[in-house]
Amino acid sequence: MIERCQEDARPRFGPRARTAVVLAAAALLAATSAAFLPGTASAGTTLGASAAEKGRYFGTAVAANKLSDSAYTTILNREFNSVTPENEMKIDATEPQQGRFSYGAADQIVSHARSRGMSVRGHTLAWHSQQPGWMQSMSGSALRQAMLNHVTQVATHFRGQVVAWDVVNEAFADGSSGARRDSNLQRTGNDWIEAAFRAADAADPNAKLCYNDYNTDNWTHAKTQAVYNMVRDFKSRGVPIDCVGFQSHFNNDSPYNSNYRTTLSSFAALGVDVQVTELDIQGAPANTYRAVVEDCLAVARCNGVTVWGIRDSDSWRASQTPLLFNNSGQKKAAYDAVLAALNNGTTPTDPPTTPPTTPPTNPPGGSCTATLQDGTRWGDRFNSTVTVSGASSWTVVVAVTSPQKISSTWNGSPTWDSSGNVMTMRSNGSGNSFGFTTMANGNWNRPVVQSCTAS
Ligand code: G2I
């Protein structure tokens, strides 16, 4: 109850207020014992499209210097609808000299992603590693101020372009201590993590703010429990945290455990979203990849899965061949398992809501007809599908109502007006329908089709 009172004290807008709504929806779900209903039959042929049909994303880490490799971008553009810059948003990349910010490589990835309807996860604002030299040599209040300024500047630069930030990365120690990791940031005071979250919240109130770590996948591990206790404490005190990232680098020393689903659902029950943020698995066993995806789909608040690279040769652990595509860019057995899991998975469904009575809007003027249909609705977002008739090559304009935001699209090539609320979707050879997910941000108005033109 303390938790809910704290939540209620926050302003009733933005994702932090949405958390209260989602909590209420989750409670209702539990009360009605209708948490999971079979999803509609799904036949997505790419990871991103199949995940989107389940209201999730399927993402990958991207390196800016590979965007000129057409074999790489062909797979990226075809398969993924979310992107995490692998190194380009880290502190050493974005503030190489104190007070001098450098966003070129990160902007390149963000632009590549957003122009293709992919969402962006920001990684990472505050971390003991990959600090530029000037920061490594700082301590105390000067370091605290420098860290907070970094969080503010970088989150402000990417405001509106990044759907989720790894605000703080890897702040807990390995092993059985359950303690914080010793670092120059930790030595500025135990409250450095919440200070970073508050700075990020002030700079970008609409991004989801995540804590991200590795070896926090096994529910029985001390490190997992320590992060869980921190998140529970943050929620009880109103620290603005929205999500927890589970890196999920699995290998023989740190294997997947079947209690992973318990980990995801236990954190989600605290009132945060959960995300699989850096998945790779030594040897890429199909069964383990399938299990991870099934575990995410089984947890309503698991937003999506990001793999840490595209081809094995792109991996930080290339010799372990841990990814979904081989060095030649061919799909591995694990790819097929992941796609099947996404297509077979159940769709977590909110309690029945009154269906909208407004008929689809198809204003005249185009030589084709676009019909919008409502898709799955969750506590914070909903899917829509638009079917086009009368043209095989088309341009459809769709508007959502501010503060709604379209967070992902599939089966089309989108561009946006300057407000971000009007999307022009062009056919891209994927057929005569496209879809998109809208973050409601408290507004459940139906998106409106403004025009359809044959092109
Ligand atoms: O270590 C795996 C990941 C663990 N979680 C946090 C992630 O940020 C981390 O990613 C890896 C990148 O995949 C590597 O690409 O982080 C490493 C350290 O930041 C990255 O390695 C760095 C090398 O240390 C640099 O020498 C190199 O210049 O990659 C850079 C770019 O290739």
Just one listed residue, out of R78, R4, R56, is touching a Leu at 6+ places or on another chain (Cβ under 8 Å), at pLDDT 95 or above and of a type in the set (K, R), and it is R56
With more than 11 Å from the ligand (Cβ to nearest atom), in contact with a Gly (Cβ under 9 Å, 6 or more places away or on another chain), small (G, A, S) and part of a strand (DSSP E or B) as the only criterion, which of G122, G59 stands out? G59
Go through the range 397-441 and give me each residue that's more than 22 Å from W378 (Cβ to Cβ) and either among the aromatic types (F, W, Y) or in contact with a Lys or Arg (Cβ under 6 Å, 6 or more places away or on another chain) (or both). S413, W416
The one condition P414 fails out of (1) at pLDDT 90 or above; (2) more than 19 Å from A207 (Cα to Cα) is (1)
Determine whether V293 is under 18 Å from S82 (Cβ atoms) and within 16 Å of the ligand (Cβ to nearest atom). no
Taking the range 301-329 as the search range and keeping residues that are open to solvent by 30 Å² or more (accessible area, probe 1.4 Å) and out of contact with any helix residue (DSSP H, G or I) (no Cβ under 7 Å at 6 or more places or on another chain), which one is farthest from the ligand (Cβ to nearest atom)? S328
Taking F197 as the residue in question, decide whether it is closer than 22 Å to M439 by Cβ and not aliphatic (A, V, I, L, M). yes
What number of residues within the range 149-203 satisfy the criterion of being touching a Ser or Thr at 6+ places or on another chain (Cβ under 8 Å), open to solvent by 30 Å² or more (accessible area, probe 1.4 Å) and either without any contact (Cβ under 8 Å) to a residue 24 or more places away in the chain or small (G, A, S) (or both)? 1
Close pairs from the range 74-103: first basic (K, R), partner within 16 Å of the ligand (Cβ to nearest atom) and open to solvent by less than 10 Å² (accessible area, probe 1.4 Å), Cβ under 8 Å, at least 6 apart: K90/H123; K90/T124
Do we have N206 as in contact (Cβ under 8 Å) with a residue 60 or more places away in the chain and open to solvent by 50 Å² or more (accessible area, probe 1.4 Å) here? yes
Residue in the range 155-193 that is nearest to the ligand (Cβ to nearest atom), counting only those that are over 22 Å from Y214 (Cβ atoms) and assigned to a helix (DSSP H, G or I): A155
Counted residues in the range 114-165 being at positive phi and either touching a Pro at 6+ places or on another chain (Cβ under 8 Å) or of a type in the set (D, E) (or both) come to 1
Do the conditions hold for G283, that is, is it away from the ligand (no atom under 13 Å from the Cβ), assigned to a loop (DSSP other than H, G, I, E, B) and in contact with a Leu (Cβ under 7 Å, 6 or more places away or on another chain)? no
Those residues of the range 236-248 that are over 17 Å from the mean Cα position of the chain (by Cα) and either among the β-branched types (V, I, T) or open to solvent by 20 Å² or more (accessible area, probe 1.4 Å) (or both) come to a total of 3
Given the options V276, V227, name the one that is within 16 Å of the ligand (Cβ to nearest atom) and in a strand (DSSP E or B). V276
Selection from the range 285-300 of residues that are surrounded by 24 or more Cβ atoms within 10 Å (Cβ to Cβ) and more than 17 Å from the chain's Cα centre (by Cα): Y289
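Quick grid of which residues meet (1) out of contact with any Asp or Glu (no Cβ under 7 Å at 6 or more places or on another chain); (2) under 30 Å from G329 (Cα atoms); (3) modelled with pLDDT of 95 or more:
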site: S82; (1), (2), (3): yes, yes, yes
site: A93; (1), (2), (3): yes, yes, yes
site: M118; (1), (2), (3): yes, yes, yes
site: T124; (1), (2), (3): no, yes, yes
site: R180; (1), (2), (3): yes, no, yes
State which residue is nearest to R159 (Cα to Cα) when the search covers only the range 77-119 and only residues that are touching a helix residue (DSSP H, G or I) at 6+ places or on another chain (Cβ under 7 Å), in a loop (DSSP other than H, G, I, E, B) and away from the ligand (no atom under 11 Å from the Cβ). Y103
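The values are calculated or read from the model by the stated rules, or taken from the named source; none is laboratory data. This is a predicted model, so every value here is computed, not measured. All Cβ positions, glycine included, derive from the backbone under ideal geometry; neighbour counts span all protein chains shown. Heavy atoms of the whole protein, side chains included, go into the accessibility calculation; ligands, DNA and RNA do not. Shrake-Rupley method; radii C 1.70, N 1.55, O 1.52, S 1.80 Å.
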